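The values are calculated or read from the model by the stated rules, or taken from the named source; none is laboratory data. Because the structure is a prediction, the values reported are computed rather than measured. We place every Cβ from the backbone using ideal geometry, glycine too, and count neighbours over all the protein chains shown. All accessible areas refer to the heavy atoms of the entire protein, side chains included, with ligands and DNA or RNA removed. Shrake-Rupley method; radii C 1.70, N 1.55, O 1.52, S 1.80 Å.
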Amino acid sequence: MRENPLTKLQALGQSIWLDYTRRDLIARGELRRLIEEDGLSGMTSNPSIFEKAIAHGDYYDEEIRDMAFHGRSPISIYETLSQEDIRSAADAFRPVYDQTHGADGYVSLEVNPHLAHDTRGTIVEARRLWRALDRPNVFIKVPATAAGVPAIQQLISEGISVNVTLLFGLPRYRQVIEAYLAGLEARASQGQSLKWVKSVASFFLSRIDVIVDPLLQKIMGQPGPQAELARKLHGEVAMGSAVTAYQIYREIFASERFKALEKHGAGVQRLLWASTSTKNPDYSKLKYIEALIGPNTINTVPLETLSAYRDHGQPHARLQEDVAGAASVLAKLPDIGIDLDRITQQLEDEGVAKFNKAFATLVETLTRKARHFNETQSGREQGITYVT
């Protein structure tokens, strides 16, 4: 019988986390099965995931009905539902957390996306969520915006574990690492323990190719030597960014600066590959998994990609196979007029807008459901029958 490719990833130093959450996944025992049989070792969430879970099913309707009847606001209802799910998932992953001594077994909850450009608001919200969740194996997700970076530093200094999300560009990644290290240093200077303060840096990948590939295709259709260069770079820019990010990670976390923190119990800020479902139908469904397997990394995938890898994944440590080639890909982009830093800033802006839109849609969905349940209840009390 063929060994499960997902469990083989563990031996190569990579953790697989699920980029999905829904109440019935936990209640049916499916999450427990994924942990036990596939070696799943973490889970992430975001406003878009919760919006789909609440809008496209009746898993939450009973609780929504009850809270609406008692006059709870849509945002209050969302916070109650999401926090219950995160706590339940964290409890399911607690054995993984304990067995790995805090290296794995985490579940993430994001701060309100409307705070993406509000440093102080992010800090206050993150503190509140951290206290409300009350689990050691949770991450508070903070976007890697210019305002998010100082919030990350402050939260780490307070011992709040952070999943840095919406990270696209390499210059911003260096700022994120600096915030993590500075936060640890501030905490150590206060005589506080660093052992259980954890962080991951979630590098979003497939969206980079979604933006860059059409630009390359346009150049490929033109005469001249740039067309051939664009052809070679097509579909390679996200991978080039990821491989280069991993080299930055290895360099900084092998530095004397980090070694000094390590003596106080600090752990590395692991790189997490996010947005790894393939958007281009011409690419393999496993494009952003197979090439990014490397020691002490995480890949977070939706259920469909998880199933695809279980079925025909080919685990092998490929992340460091062509470091020079990855650097060459990024170095050649300016030669054909592509400014990757500008593109990754665009992706950050679009990512924030997307999460804000999902959050607004989520609030609208809860408002609509709450109104419907209240009207139905009122109708029953008056002897009116509603057809739904």
Q: Please specify each residue of segment 5-34 satisfying the condition of being open to solvent by 10 Å² or more (accessible area, probe 1.4 Å), in a helix (DSSP H, G or I) and touching a Phe, Trp or Tyr at 6+ places or on another chain (Cβ under 7 Å).
A: Arg23, Asp24
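Between Asp322, Asp349, Asp335, Asp339, which is touching a residue at least 60 places away in the same chain (Cβ under 8 Å), among the charged types (D, E, K, R) and either open to solvent by less than 80 Å² (accessible area, probe 1.4 Å) or within 25 Å of Lys218 (Cβ to Cβ) (or both)?
Values: Asp322 fails: either open to solvent by less than 80 Å² (accessible area, probe 1.4 Å) or within 25 Å of Lys218 (Cβ to Cβ) (or both); Asp349 fails: touching a residue at least 60 places away in the same chain (Cβ under 8 Å); Asp339 fails: touching a residue at least 60 places away in the same chain (Cβ under 8 Å).
Going through Asp322, Asp349, Asp335, Asp339 in turn, the sole match is Asp335.
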Q) When segment 36-50 is examined, which residues are found to be open to solvent by 20 Å² or more (accessible area, probe 1.4 Å) and of a type in the set (Val, Ile, Thr)? A) Ile49
Q.
Take Ile177 and tell me if it is surrounded by 15 or more Cβ atoms within 10 Å (Cβ to Cβ) and either of a type outside the set (A, V, I, L, M) or in a helix (DSSP H, G or I) (or both).
A. yes
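Can you tell me which residue is nearest to Leu362 (Cα to Cα) among those in segment 53-71 that are free of Cβ contacts under 8 Å to residues at least 12 places away in the same chain and not small (Gly, Ala, Ser)?
Out of the qualifying residues, it is His56.
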Q | Residues satisfying the stated conditions in segment 278-323, i.e. farther than 26 Å from Ser161 by Cα and small (Gly, Ala, Ser) | A | Ser284, Ala291, Ser307, Ala308, Gly313, Ala317
